[in-house]
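Here's the structure we're looking at; comments come further down.
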Amino acid sequence: LWKGREMEVKKLSISWQFLIVLVLILQILSALDFDPYRVLGVSRTASQADIKKAYKKLAREWHPDKNKDPGAEDKFIQISKAYEILSNEEKRSHYDHYGDAGENQGHQKQQREYRFRHFHENFYFDEPFFHFPFNSERRDSIDEKYLLHFSHYVNEVVPDSFKKPYLIKITSDWCFSCIHIEPVWKEVVQELEGLGVGIGVVHAGYERRLAHHLGAHSTPAILGIINGKISFFHNAVVRENLRQFVESLLPGNLVEKVTDKNYVRFLSGWQQENKPRVLLFDQMPVVPLLYKLTAFAYKDYLSFGYVYVGLRGAEEMTRQYNVNVYAPTILIFKEHIHKPADVIQARGMKKQVIDDFITQNKYLLAARLTSQKLFHELCPVKRSLRQRKYCVVLLTAEATKMSKPFEAFLSFALANTQDTVRFVHVYSDRQQEFASTLLPDSDTFHGKSAVSILERRNTAGRVVYKTLEDPWTGSESNKFILLGYLDQLRKDPALLSSEAVLPDLTDELAPIFLLRWLYSASDYISDSWDSIFHSNWREMMPLLSLVFSALFILFGTVIIQAFSDSNEERESSPPDKEEAHEKTGKTEPSFTKEPSSKIPKKGFVEVTELTDVTYTSNLVRLRPGHINVVLILSSCLHFSFLSLDKHREWLEYLLEFAQDVAPIPNQYDKHFMERDYTGYVLALNGHKKYFCLFKPQKTVEEEEAMGSCSDLDSSLHLGESRGKSSSGLGSRPIKGKLSKLSLWMERLLEGSLQRFYIPSWPELD
């Protein structure tokens, strides 16, 4: 049985070997049959413009995102490969002579050998899964040193993207398209990494959090990161497109085109920007990508210009600075624009050579301290006795041109040969606190320049220093005294006898808030515009949902407001007949108008009079949970809600159930009708058959008029004159009677008022 199973495995293995050999033969035949001219539909004598035009047309037609044909992806890959061969003159010439592009032959041979050599290693019949070549460790080993993790991306890649752009590929297992772009990706990585572009690879299967953070929802995907901002690559994966994509990530104003007309202005900008100027002379009509990447890396320290020597208008510069136009030349200018501070010239400059050259010339000879960051770099804190760094600071007034004291200070700095001494200057009117700390209190230096030698002791601002006794005029005696101090300082550091704590420098070159806001708004608008047309729609769904929700709420509010305003205007405009009646009836007393005919305005609560018509609906059949609040007013008021003349008996029937609160007088008493109920408020619960009573409190005048006796019957038997005064109390302002009504209403809503229950509601006749 075991031998029979072994024979079956051998037969199956031979069958798989034969199948793979057949597949490889078909691939070789298809590769030999590949004709880039036929794929693009152009002749062998076609120009680059015709080839590019045909490629763009076919790429739009066969792009997998737009063409749903099953063979669209393979067709698109063939089109991209054909364009990659024909757009490169060297590859095109090699194909015309030998029938192939002459690239990746060793890689293809190695790949075929790998497949044959590792056939039995890639298929395990006694395990549940097969190990296919496109999922093997061979392909992962190519990108192994570029693999990114989330913490590495956040802590290193994003901060480093402010110095160089990053090109990142998103890949995964079982990704056929990832295999197709590997040769192009490998070639581009080798080229761009040598120019200073950061490379990264994210495996979406193992780093799902990072892939989701980058916004990659499918593989393969290629994106660029610069200044912490992510941009996706959307074109065909060919070398030229990827190179142009990286170049498009860089800001457009990194390198200024310089000619004989503007070179003086460009070189003179050192005083305003406080940066050295770098000029590259080359024969290429466009700025090389290596130079752009260098300009981006050192944009905070130097300003870069480019001179195209093949263009007429650069002869004066090349002659003045003695530039060899047949080799790339880089000149660095500092304070003197007529003579470069340093020069480098070589064919095929490498990035490391340029970086070393730029690093040695990052600062001016006597740079101006414009920020605390620059102060830390130029005047570092002392770390040990062997790492002492002294700063010679010139405190001077701001001037449009170099003054005599500054020129003398600059010439002294140029002649300096000590590595431990750095020369800087400060505009005393811009950094007043800094300057006043180093200057003595006397008026000797008022309006004049001064020189101080200082050494920083810690990052908190503590320094030891010595200021020259006399103002700095640039005379020979000043230079001799300063030179003597520097020589003495090498032997005796105790020369710096003064000690102080310097305040932080203000950032002179920082843009104002409005400009920062405009820059941020511009970046946000450009990012949104790019996202609308290129980003994955799944990423845009939250933003689109928010926008449409806001628009829906806005338009809904406007429409509702428009309808409500029109209804109010229609209701508030009475008929012409009523207007005429009001005009003619202006002289009539106000009590002739019926309150019920008035239409309540917006914001007011409509109150109806409690009559025999509204009694049943508003009280007897009132729904559970509703309370009817009744305000009792006398008939002499125009806005009475319960007429005492008509329904006094109904009111007193209710008050009989609240004798302890509102005792009812004897009806046979002669003062029976003089009882004033004005200001009484009843809260009636029609469903549960109870009510709450508000009784207005008497003022001091009422108590004097009614008498000090607390018994109600005695107050009613005060005589004719007192009764007349009592009856007059009902006409006093109702506002005074209801002064405590708000507190009563609060207790009513709290449910803390006393309730008086009745067996049934009486009839209101």
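Among residues other than HIS687 whose Cβ falls under 12 Å from its Cβ, what is the net charge (Lys/Arg +1, Asp/Glu -1)?
Values: positive: ARG621, ARG623, LYS688, LYS689; negative: none.
After counting each charged neighbour, the total is +4.
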How high is the relative contact order of the stretch 437-502, in percent, with contacts defined as C-alpha pairs under 8 Å that are six or more residues apart? 38 percent
Between GLU398 and ASN235, how many nm apart are label points set 7 Å from Cα along the C-beta direction? 4.5 nm
Violations at 29 Å Cα threshold for listed pairs LYS299/LYS339; LYS57/LYS299; LYS292/LYS382 -> LYS57/LYS299; LYS292/LYS382
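Probe of 1.4 angstrom, ligands and nucleic acids ignored: what's the accessible area per residue over the stretch 330-386, in square angstrom?
On the way: 3080 Å² over 57 residues.
For the stretch 330-386, the solvent-accessible area averages 54 Å² per residue.
Which GluC sites (Glu not before Pro) in the stretch 337-436 pass both tests, a DSSP loop state and at most 13 other beta-carbon atoms within 10 Å?
Those satisfying the criteria are GLU398.
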Flagged as over-length at 20 Å C-alpha distance, from LYS52/LYS81; LYS373/LYS491; LYS261/LYS351; LYS404/LYS466; LYS91/LYS186, the pairs are LYS373/LYS491; LYS261/LYS351; LYS404/LYS466
Relative packing of 425-432, 441-448, which averages over residues the other C-beta atoms within 10 Å, highest first: 425-432, 441-448
Under a 5 Å amide H to amide H cut-off, with H placed in plane at 1.01 Å, what residues pair with HIS425 once short-range neighbours are removed? ALA367, ARG368, LEU369, LEU394
Carbon-plus-sulfur fraction of the accessible area of the stretch 366-501, 1.4 Å probe, in percent? 50 percent
Just the accessible area for LYS350, please: 1.4 Å probe, Å², rounded to the nearest 10? 140 Å²
Mind putting a number on the dipole of the stretch 27-97 about its Cα centre? Charges go on the C-beta only, +1 for Lys and Arg and -1 for Asp and Glu, and I need it in Debye to the nearest 20. 300 debye
Would you mind checking LYS362/LYS448; LYS163/LYS275; LYS334/LYS389 for any pair whose Cα atoms are more than 19 angstrom apart? LYS362/LYS448; LYS334/LYS389
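The values are calculated or read from the model by the stated rules, or taken from the named source; none is laboratory data. Keep in mind that what you see is a predicted model, and the values were worked out from it rather than measured. Cβ: placed from backbone, ideal geometry, glycine included. Neighbour counts: every protein chain shown. We work out accessible area using only protein heavy atoms, side chains counted, and drop any ligands, DNA or RNA first. Shrake-Rupley method; radii C 1.70, N 1.55, O 1.52, S 1.80 Å.
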